[in-house]
Amino acid sequence: MTDPEVLKIFPTNQVKPYDGMSVTADVWALAHAEHRQARHAHDLIFHGSGIITGLEVVANDPPNQFVFISPGVAVDPVGNVIVLPEPVAYDFGNTSEGTLFLVLGHGEREVGGVEKEMITIQNEFVIAARPNMPKRPVVELARLTISKPGNPIKNADDAEHPRGEELDLRFRNIISPQAKQRVRVALCSLGSEVQSVITGWDYLSRECARSTPYALVVDTQVPFSDDLPGYELIYLSGKGSFNLEASQLKILRTALDKGKMLIVESLDAPAEKSFQGMFEKLNLTLAPIDDSHPIMTAPFLFNAPPQGALGNQVQLDGRAIFSTAGYSLAWGGTLPSGQASRADIRSAHEWGLNLLEYCVQHMGV
């Protein structure tokens, strides 16, 4: 629906009450219609039409003509909120053929009204498979092409390129304004503190809030204390030689045992040597990242770690990421070439979001 058409849904009149007025059925209906129209317009303009939550569609196992739709909520193109309160099994039958659109629509029916009982209007949902998108307002849940009647319906092996008899979910419009998942990050400096590290994290945090479902809560100059394992992500930067005390190592081990993640960056050769000793004492075995590792593909695709301020060397353990590349400096615009280009900074930010995504997915594992 175009914007001018949506704007026309907003009510332009409302009932003005006065003492002694006759509240007939027509007056009552008109008063409540104004509220419904305003809600419909609000849902469309502020959220749009599509799936708010749930309504996942999966094929039966083993495959046959049934698919299952999970509970969920959607808004149709005229602003009706459609609620599917429980799972629904939909049967495509043995005669369906060709391209079919599985859609969800809004319905109403009168309930009650026997003798002098009050009549209520019950909101309902309608699920149907059609050879084309119907003219009535609906929300698409899935589509598929059945090459021969009776062929079993399957989940797609490749969701980006579904084939015949496979559920095609690429046209689902997801409009859910999901709440940001907050991730507490502790910035700890070992050896000399580098202000540019904090600046880099500030810029990465802004990019994270803009383009990911995560909101970083970054605390700087966090001391090694029993409070450190309360953070989901611990970032250690090192410049110069240092040596962690047994109590500090114990705190890090406690954090790792609780499923917290470490991102560690050495900003010079002495710090790299000190960190290597720390990893040995923590019994962490680091290995280079190969090009098939998930950290290389989500949410952004890389064929190799990009250049940071000091290179692009990255190693990984299940609970820790170790870098000598100075990515935190690159997030603030510092790169070997001096004046970093916009493309260089964007690449560093995207790599930072890949690191964060990996950490979030492995927290608590």
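Where a number appears in this text, it was derived from the coordinates with a stated rule and is not lab data. Since the structure is predicted, the reported quantities are computational estimates derived from the model, not experimental observations. Glycine gets a Cβ as well: all are built from the backbone with ideal geometry, and neighbour counts include every protein chain shown.
Taking other C-beta atoms within 10 angstrom as a stand-in for reagent exposure, Met118, Met21 fall in the order Met118, Met21, fewest first.
Averaging the sequence gap over all C-alpha pairs within less than 8 Å and six or more residues apart, then dividing by the number of residues, gives the chain a relative contact order of 11 percent. Among Trp28, Trp351, sorting on how many other beta-carbon atoms sit within 10 Å of each Cβ, with the fewest leading, yields Trp28, Trp351.
Given the range 134-274, what percent of its DSSP beta bridges are antiparallel, to the nearest 5?
Values: 1 of 21 bridges.
Expressed as a percentage, antiparallel bridges in the range 134-274 total about 5.
Across every direction, the projection of the convex hull enclosing the Cα atoms of the range 3-46 has a mean area of 3.4 nm².
So for the range 221-365: antiparallel DSSP bridges make up what percent, rounded to the nearest 5? Just about 40 percent of them are antiparallel. Amide H contacts for Val264 (H built 1.01 Å from N in the peptide plane; partners 5 or more residues away or on another chain; cut-off under 5 Å): Leu236, Ile321, Phe322, Ser323. Taking label positions 7 Å along the Cα-Cβ direction at both Phe300 and Arg36, the computed distance is 4.8 nm, reported to one decimal.
Projecting the Cα atoms of Thr53, Ile127, His32 onto the charge dipole of the range 1-141, computed from C-beta unit charges around the Cα centre, puts His32 farthest toward the positive end. Enter the angle in degrees (range 0 to 90, nearest 10) between the Cα long axis of helix 342-362 and the first principal axis of the Cα atoms of the chain, meaning the one along which they spread out most. For helix 342-362, the angle is close to 80 degrees.
Taking the DSSP bridge list for the chain and keeping only pairs wholly inside it, about 65 percent are antiparallel.
Between the range 229-285 and the range 42-103, the alpha-carbon centres lie 48 Å apart. Size descriptors for the range 51-126, from the alpha-carbon set: Rg then Dmax equal 15.9, 51 Å.
Note on the chain: helix-only mean residue ellipticity at 222 nm, from DSSP H runs of 4+ residues weighted -39500 (n - 2.57) and normalised by residue number, equals -8500 deg cm²/dmol.
Among the lysines of the chain, pairs at least eight places apart or on separate chains and with Cα atoms under 21 Å apart come to 11. Restricting the calculation to alpha carbons of the chain gives Rg and Dmax of 28.2, 89 angstrom. Taking other Cβ atoms within 10 Å as a rough exposure proxy, Glu97, Glu86, Glu165 sort from fewest to most as Glu86, Glu97, Glu165.
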